[in-house]
Structures are given as C-alpha cells and as structure tokens.
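Every read-out reported here was derived from the displayed coordinates using simple, explicitly stated rules and does not represent laboratory data. Model, not experiment: these values are computed from the prediction. Cβ placement follows ideal geometry from the backbone for every residue including glycine, while neighbour counts extend to all protein chains displayed.
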Amino acid sequence: MGALLSLDGVVAGYNQGLVLKGVNLSVDASEVTCLIGPNGAGKSTVLKTVSGLLKPISGTVCFDSEDITSLSTHERLRRGIVHVPQDRSLFPAMTVWDNVLMGAHIVRDHAAIRSRLATVVEMFPIVERRRQAHAGSLSGGEQKIVEIARTMMLDPKLILLDEPSIGLDPRSRRLVFDTIRELTKAGRTVLLVEQNARSGLAVAQHGAILEGGVVKLEGTGLSLLDDPLVAQLYLGAVAPTTSVASRATGVLPSPNSISALKEPQ
Amino acid sequence: MHLLVQSIIVGVLTGGVYALMATGQTLIFGVMRVINVAQGAMVILAAYLSSSLFSSFGIDPFLSILITAPILFVLGFTIHATFLRRLRPEQNELSLLIMFAVALGIEGVLGLAYSTTYRSIQTGYVNRSFTVAGYHVALVRLLAFGLSAVILVGLFLLLNRSRFGRSVRATVQNPTSARLLGVEPTRVAAIGFGLGAATAAAAGAVYGLVYPFNGGSHYDLISRLLSIVMLGGLGSLGGSVIAALVMGVAESVVAANVSPIWSSFTFFAVLLAVLVFRPRGLFGVAQRGAL
C-alpha cells in the first residue's frame, strides 16, 4: 500500500511558539499509524495540521497525491479527512441520532446518507440502541464509540483519532481499540495519537515517536513495542525481547533526556 | 372571581406577545452568547415599518410581516457581519456596548424619520372583541397570540427538525467540533442573528396593534424582555415562553386586582423572587446550548 498521507518538513505552532519543528511522516492506506511521545511533543498539533485546524508555517501536507497544505478544514473534510479531537466532541444536549447525522453535515445526497446510516447502525449497534438518548448522558466509552460512528457518516478515507482512550475505564478502552481494529478491517486509514503507548502500538501496523517537534523514530507497531529503549522511555518498562527491528529515521534521545521526557512540558 | 379570570385571560394573551418578542432575544443569546439589548429597538423599528406600510399602502400589519421580516433579517445579518463577527471570544462583553449603540442608533433614526410623537396602528378590527362564557376576548390580542404560537412552533421545528437547526445547536454546544464536521460557525451565527432579528418583525407588527409607541418605547420594552429571558433561563426557548406567560399573567392580575401602578413593578418582583431560589431562572440550562 502506498502513502495516503505525507507530511514533509512541517513547521507549525501557536502564539506561544513553535511546536512542530520539521515533521516528516508517512501514513499508509488501510493501516493504523500510531504517533506516541511525551506530553508537549506536538502529537495533537500534527493532527490539527492534517485536519486544517492549524495552518503550518512551512512544509507541506499531501493527501491522496494532492498538496492540501492551504486547504480549509471544510475542503479537507470533503476529501475524506475527519478529525476526532481529544476532548469529548459530541454535542451533549443533542440525541445520539442527531449527533450521528451531524457527521453527514456536508453530504447533500439523501440516499447516500440513508445508506451510510444503515452501515453505521450495523457496525455500531449503540447508535440504534441509544438513538434518543442525549449524548451527554452516555458513558465516556460510549461517547467515544459514537464519535467514531459519527465519522463513518462521511465515508472517510483518513480518520484522525486524538487520544481516544483518555479517561476511559479498562473495559471501554478495550472497546475503543477493538473498534479501531474494525476500522482498518473495513479499509479505513487511521492516524492515531495515543498516550497509552503500549495499547496504541499494539493496534498499529506502523508507529512513530515524536519528540521535541520532530519524528525521532519510526517502525512497525510490534517492532517499536519490542524495542528496549522505546520500552524504557515510553512504555514504562523494559521490553520482553532485546531485538531492535525499528528503522531509525533520526537520533534517539540520549539517556540524559530521559528525565526531561518524563516531565510534562 | 370573574375579574381574576378575565385578567388571567388578558395576561395569557399578552404573554403570548411577550413570548414572541423574547424568543428572538433567546435565540440570539443561545447562538452567540450575545445579550441583544437592541431587540426592543428592532421591535419598535418593525412597528414603525408596519405602521408605514399600513398607512401608505393599506397593507394589513399581519401581512406586512412578510415584508418586514426579510428587512429585519438583513439588518440582523448586517449587524453581525459588520460588528459582532470581528469580536474575539474574550471580547464578548463588548457586544453589549455594540448592541446598545445599535439601539440608540435605531432610536435616533426613528426620531428623525417619524418624530417622537406616539402613534399606534389603527386597523378596522383593532378594537373588536367578542365574549366567550361571559369573558371578553380582544380580537387583536387573540390574533397576536395565534401568530406567536405559529411562529414559535415554526422556530421549534426549524431548530429541532432541520439540517440548519442541527448545525445551530451543534455550533452552540461545541463550535470547534461543529467546524470539524463542516459547519461554518460564523455563517450559522450570522443567520441565527438574522432570524432573531426577523422575529422582531412579527413582534413589532403585533406591538404596534396593541400598544401606542414612539422611538423611545424600546427602553421599557427591553427591560421587560430581559426580565423574561432571565426568568425563563438564559438560552432556553421553552423557558422564555413559559416566563413570558407568567409575566403577562402576573402583570395583568396585579393591574386588574391591585392597581395598574404596581403592574410594571410586578415584572421585576417576580423576577427577583424566582432568582433568589433559582439563580439560573426557571429553565436555565447548566449545559451550553440546550436550546
């Protein structure tokens, strides 16, 4: 599979300063790519530059062989890029059904909306089961599932998931990661940002480590899980094996930076 | 007892008119978190427009709404595009001053165009009434009540059953998330503001039929509207309707059974009494955007 999304030398930030300092990243089609790294590394900022919430200062974002760097959020949505932000993004005073319908806000074809609704209901039974419930009354895990279900209304090519497991109990976390697996089985491409690095890499075909605004290391999800240094720095334990199968694309953090990495920035 | 029931009937019908006026205020607050202190001035502007259309072209005030509503919609849309859209979220308090300036501007223009003499819209049916079970019902107030009910139901359906309504509610509840789904919050806010202003057109025609007015009438009107909106709970459409009926009845009952002198004060006494026990008003929503 070729790259569906590629970031080339992306520099971006906010008023407080630069967050991304030249990010290079490729996301292959029909795969889960998981982005991990310490707090403040710029993981969520990467997603914002892809969805168009944040315009890069320099560098390019290419999607489906098209340079989309200067496109608006709306135009990127039309091309099939949907972003599920870290904060709960459902509309709490609206019903689950209305929330899901909002996913097709830009779709004008009523037949397509009906057909996608049928698919979503089949894939996510909670949508039908709780259709009249206010979204705000759902548990955190249920809300996250409905958020993902809502993205499917757009029949997306690329789903950007920002910390989907944050604040969830273990059962809900499992449900969310199972859902992410189902998405790739359905041919979707997912760029996942996950603080829970072990679970994120386990579900991903490809992983990347972001630190200080640049991608420091890339590899398959399993190879990064097996990498002892990655385990020590980001997974909170020594890896079960000692093989380093990842392909480094940059310089690994020195041992001196370990404590700095553990401090929230 | 007869007097009490009669005053309640008058109060309910008057409350319907208040509800129509307060709904626009609530809609604008719900969509934009802007307290539109110019809503009263927009109602009076619409009353003058209906009055002119009636006196110059013989167009019935109720029919004139078809002409004045688009005019007020454009006015609201323009006010949003010109002044409010430029405000950053942290500058939202400035909107109060901006809308006060708009109110004064409208008052000034009306003073220049129409002078400050009180006027009212005198149609052939304005003084007609009929009797039901011994109680008098003023035709114009009943028509006004019916119109309010139709517009309120229409607004409810628009907000709850249409694609646009969904995007309005979504924007109110989570603007960033709405944007990520393709909603353009600025456009939604502008249309919401325009719609709120357009309800003033209907309210103005009714107001002109029921009450005498001049350019300065908006001061009294806006104090009542704000009281109703506060009593109902800021941002709650249903709450503002209930509050309007409560206020209308309280005012009418006190005027008929105690003294008309105390009727205006009743408005604020009810408001203060309720806010002591329910600081968010009768139906105030803790959750942003439950229009």
Q) Which whole-Hz ³J(HN,Hα) couplings does region A:85-93 yield from phi under the Karplus relation 6.51 cos²θ - 1.76 cosθ + 1.60, θ = phi - 60°, glycine and proline marked x? A) x, 5, 5, 4, 10, 6, 9, x, 8
Q. For region B:104-109, in order, what is each residue's ³J(HN,Hα) by Karplus, 6.51 cos²θ - 1.76 cosθ + 1.60 with θ = phi - 60°, in whole Hz (x at glycine and Pro)?
A. 5, x, 4, 4, x, 4
Q: Please list, in chain and number order, the residues 5+ apart from A:Gly59 or on another chain whose amide H is under 5 Å from its amide H, with Hs placed from the backbone.
A: A:Val11
Q | Fewest-first ranking of A:Lys157, A:Lys43, using other Cβ atoms within 10 Å as the exposure measure | A | A:Lys157, A:Lys43
Q. Across peptide B:167-180, what mean number of C-beta atoms from other chains lies inside 10 Å of a residue's C-beta?
A. 6
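List the GluC sites (Glu not before Pro) in region B:75-130 that DSSP assigns to loop (not H, G, I, E or B) and whose Cβ has at most 14 other Cβ atoms within 10 Å. Which are they? Don't skip to the end; give the middle numbers.
Details: sites: B:Glu90, B:Glu93, B:Glu107; in loops: B:Glu93.
Filter output for region B:75-130: B:Glu93.
Show me B:42-50, B:229-237, A:169-177 ranked by packing, highest mean number of other Cβ atoms within 10 Å first.
Details: B:42-50: 27.9, B:229-237: 24.8, A:169-177: 15.9.
Going by the mean number of other Cβ atoms within 10 Å, highest first, we get B:42-50, B:229-237, A:169-177.
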(Q) Given the -39500 (n - 2.57) contribution per DSSP H run of 4+ residues, what per-residue ellipticity at 222 nm results for chain A, rounded to the nearest 500 deg cm²/dmol? (A) -9000 deg cm²/dmol
Q: Quick one: which residues, 5+ away or cross-chain, put their amide H under 5 Å from the amide H of A:Glu211? H built at 1.01 Å from N.
A: A:Lys216
Q) Along region A:143-155, what does the Karplus equation 6.51 cos²θ - 1.76 cosθ + 1.60 (θ = phi - 60°) give for ³J(HN,Hα), rounded to whole Hz, x for Gly and Pro? A) 4, 5, 5, 5, 4, 5, 4, 4, 5, 5, 5, 8, 6
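How do B:Arg86, A:Arg88 rank when sorted from fewest to most other Cβ atoms within 10 Å of their own Cβ?
Values: B:Arg86 11, A:Arg88 19.
Placing the least packed residue first, the sequence is B:Arg86, A:Arg88.
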**Q.** Sequence ranges A:103-109, B:6-12, ranked by mean other-Cβ count within 10 angstrom, highest first
**A.** B:6-12, A:103-109
Q. Dipole magnitude of the protein assembly as shown about its Cα centre, charges +1 at Lys/Arg Cβ and -1 at Asp/Glu Cβ only, in debye to the nearest 20?
A. 680
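Can you put A:Lys21, A:Lys48 in order, fewest other beta carbons within 10 Å first?
On the way: A:Lys21 14, A:Lys48 23.
The fewest-first ordering by Cβ neighbours comes to A:Lys21, A:Lys48.
Under 10 Å from the Cβ of A:Pro164, count the other residues' Cβ atoms, weight Lys and Arg +1, Asp and Glu -1, and hand me the total.
Working: positive: A:Lys144, A:Arg173; negative: A:Glu147, A:Asp162, A:Glu163, A:Glu194.
Taking every other residue near A:Pro164 into account, the sum is -2.
Which whole number gives the average, over all residues in A:146-156, of C-beta atoms from other chains lying within 10 Å of the residue C-beta?
On the way: counts 0, 1, 0, 0, 2, 2, 0, 1, 2, 0, 0.
Whole-number average of other-chain Cβ neighbours for A:146-156 is 1.
Could you work out the mean count of beta carbons from other protein chains within 10 Å of each residue's beta carbon in A:97-104? Numbers along the way, then the final one.
Details: counts 0, 6, 5, 0, 3, 10, 2, 3.
Per residue, the number of nearby Cβ atoms from other chains is 4 on average.
Once you've got the Cα coordinates, tell me which of A:Lys48/A:Lys185; A:Lys21/A:Lys216; A:Lys144/A:Lys216; A:Lys43/A:Lys157 are over 18 Å apart.
On the way: A:Lys48/A:Lys185 25 Å; A:Lys21/A:Lys216 12 Å; A:Lys144/A:Lys216 30 Å; A:Lys43/A:Lys157 20 Å.
As for pairs spanning more than 18 Å Cα to Cα, those are A:Lys48/A:Lys185; A:Lys144/A:Lys216; A:Lys43/A:Lys157.
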Q: Could you sort B:214-227, B:254-267 so that the peptide with the highest average Cβ count within 10 Å comes first and the rest follow in order?
A: B:214-227, B:254-267
Q: Calculate the length of the line joining the C-alpha centroid of region A:203-224 to that of region B:108-134, in whole Å.
A: 74
